[in-house]
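Here the structure is laid out as structure tokens; the discussion comes afterwards.
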Amino acid sequence: MRQFKVLLDNLAFGEGPRWHDDKLYYSDMHAHTVNAVDLQGRNTIIAEVPAWPSGLGWLPDGRMLVVSMTDRKLLRQEAGGLKLHADLSALASYHCNDMVVDGRGRAYVGNFGYDIISSAPQKPAEMVMVEPNGAARVVARDLQFPNGTVITPDGKTLVVGESMGHRLTAFDVAADGGLTNRRVWAELGEGVPDGIALDAEGAIWVASPFTHELLRVKQGGQVAERIKREQMPIACMLGGPARRTLFLLTSESIDPDVLRAKRNSRIETTEVEVAGAGLP
């Protein structure tokens, strides 16, 4: 059994973990803040996002990008604070969510597709690609709740978790940033992929909140490791000095009212044998 240590607790709802500049950046969604925590557990608020922050990434020049969920915007950090990078409200069906930013600064943003919190009927969603200059377009449609996303080290393949499709789906990344050659990377059975992280052997760590599992999945669907957790695994990231620290963000619930009242979400860590690879 892997041993996990609590790095940070008292979060409302942690999402979108990213290892950057020797710290773990993450969104505390229902506290409306973007934060950074070091390996000693020292936490700093980086920005405030009233409309729920989620996916994080960086442009090649070092400016941070933040998904603002409920108003469906992508924000950019400037010296004077967060500024509008792209308005996605005409392209995204519902709340924007997780994101990966490639080496050229192109941001791939998923969205819910429907109101999952209120148990509305399930609807498909889009993935929107935002250029470094803020121009945006839909690059994939009919995804079942596109969520955690990774890009392989060569920049040629993007894999996204379709939460309500119970699968990981791969695309080729075209020269213009478009997504082609859609195929199933792995079927997950009852697994519900949320945040994901790619390692150097090509396996993907998958946080599956509704089954209370953290999975290490190989292409084709073989589960190389399955870890049960008491709290719901929401998202994961491979970071640390050698990218062998697996950060796991966990939560008791996905209900915003419960989460804001209890603030018992946390960030846990464990060490793994295979380092992280690719993006984020």
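Here is a check on your reading of the model: is Ala51 assigned to a strand (DSSP E or B), without any contact (Cβ under 8 Å) to a residue 40 or more places away in the chain and over 23 Å from Arg104 (Cβ atoms)?
Considered against the rule, which asks whether it is assigned to a strand (DSSP E or B), without any contact (Cβ under 8 Å) to a residue 40 or more places away in the chain and over 23 Å from Arg104 (Cβ atoms), Ala51 comes out as no.
Given (1) of a type in the set (S, T, N, Q); (2) within 18 Å of the chain's Cα centre (by Cα); (3) surrounded by fewer than 20 Cβ atoms within 10 Å (Cβ to Cβ), where does Ser54 come up short, assuming only one miss?
For Ser54, the failing item is (3).
Looking at the stretch 175-201, which of its residues are small (Gly, Ala, Ser), free of Cβ contacts under 8 Å to residues at least 60 places away in the same chain and farther than 18 Å from Glu162 by Cβ?
Looking only at the stretch 175-201, we keep the residues that are small (Gly, Ala, Ser), and these are 175, 177-178, 186, 189, 191, 195, 197, 200.
Still in the running and free of Cβ contacts under 8 Å to residues at least 60 places away in the same chain: 175, 178, 186, 189, 191.
The answer is Ala175, Gly178.
Residues of the stretch 104-124 being part of a loop (DSSP other than H, G, I, E, B), in contact with a strand residue (DSSP E or B) (Cβ under 7 Å, 6 or more places away or on another chain) and closer than 21 Å to Trp58 by Cβ, which ones? Break it down into steps so the answer makes sense when it comes.
Going through the stretch 104-124, the residues part of a loop (DSSP other than H, G, I, E, B) turn out to be 104-106, 112-124.
Of the ones still in play, those that are also in contact with a strand residue (DSSP E or B) (Cβ under 7 Å, 6 or more places away or on another chain) are 106, 112-113, 124.
Within the stretch 104-124, just Arg106 meets the criteria.
Can you name every residue in the stretch 5-18 that is surrounded by 19 or more Cβ atoms within 10 Å (Cβ to Cβ) and not small (Gly, Ala, Ser)?
Correct list: Leu7, Leu8, Leu11, Phe13, Glu15, Pro17, Arg18.
Among Glu225, Glu230, which is acidic (Asp, Glu), more than 18 Å from the chain's Cα centre (by Cα) and farther than 22 Å from Leu11 by Cα?
Values: Glu230 fails: farther than 22 Å from Leu11 by Cα.
Testing whether each residue is acidic (Asp, Glu), more than 18 Å from the chain's Cα centre (by Cα) and farther than 22 Å from Leu11 by Cα leaves just Glu225.
Inside the stretch 54-70, can you point out the residues that are in a strand (DSSP E or B) and under 17 Å from Pro280 (Cα atoms)? It would help to see each step written out before you state the result.
Within the stretch 54-70, the subset in a strand (DSSP E or B) is 54-58, 64-68.
Those that are in a strand (DSSP E or B) and under 17 Å from Pro280 (Cα atoms): Ser54, Gly55, Leu56, Gly57, Trp58, Met64, Leu65, Val66, Val67.
Out of everything in the stretch 125-136 that is in a strand (DSSP E or B) and out of contact with any Cys (no Cβ under 9 Å at 6 or more places or on another chain), what residue ends up being most open to solvent (accessible area, probe 1.4 Å)?
Ala136
Could you grab the pairs with beta carbons closer than 6 Å, sequence gap of 6+ or different chains, first residue in the stretch 146-173 and more than 15 Å from Ala186 (Cα to Cα), second one of a type in the set (A, V, I, L, M) and assigned to a strand (DSSP E or B)?
Cβ pairs passing all conditions: Ile151/Val100; Ile151/Leu158; Ile151/Leu279; Lys156/Val173; Val173/Leu158.
Of all residues in the stretch 20-29, which are surrounded by 19 or more Cβ atoms within 10 Å (Cβ to Cβ) and either modelled with pLDDT under 95 or assigned to a strand (DSSP E or B) (or both)?
Leu24, Tyr25, Tyr26, Ser27, Asp28 - these are the residues of the stretch 20-29 that are surrounded by 19 or more Cβ atoms within 10 Å (Cβ to Cβ) and either modelled with pLDDT under 95 or assigned to a strand (DSSP E or B) (or both).
Mind listing whichever residues of the stretch 79-137 are of a type in the set (Lys, Arg) and under 22 Å from Gly155 (Cβ atoms)?
Arg104, Arg106, Arg137
So which residues in the stretch 228-253 are within 14 Å of Pro193 (Cα to Cα) and not polar (S, T, N, Q)?
If the condition is that a residue be within 14 Å of Pro193 (Cα to Cα) and not polar (S, T, N, Q), then Met232, Pro233, Ile234, Ala235, Cys236, Met237, Leu248, Leu249 are the ones that fit.
The values are calculated or read from the model by the stated rules, or taken from the named source; none is laboratory data. What you are looking at is a predicted structure, and each value in this text was computed from that prediction instead of being measured. Every residue, glycine as well, gets a Cβ built from its backbone with ideal geometry; the counts of neighbours run over all protein chains shown. Accessible surface is based on the protein model in full, side chains and every heavy atom, while ligands, DNA and RNA are left aside. Shrake-Rupley method; radii C 1.70, N 1.55, O 1.52, S 1.80 Å.
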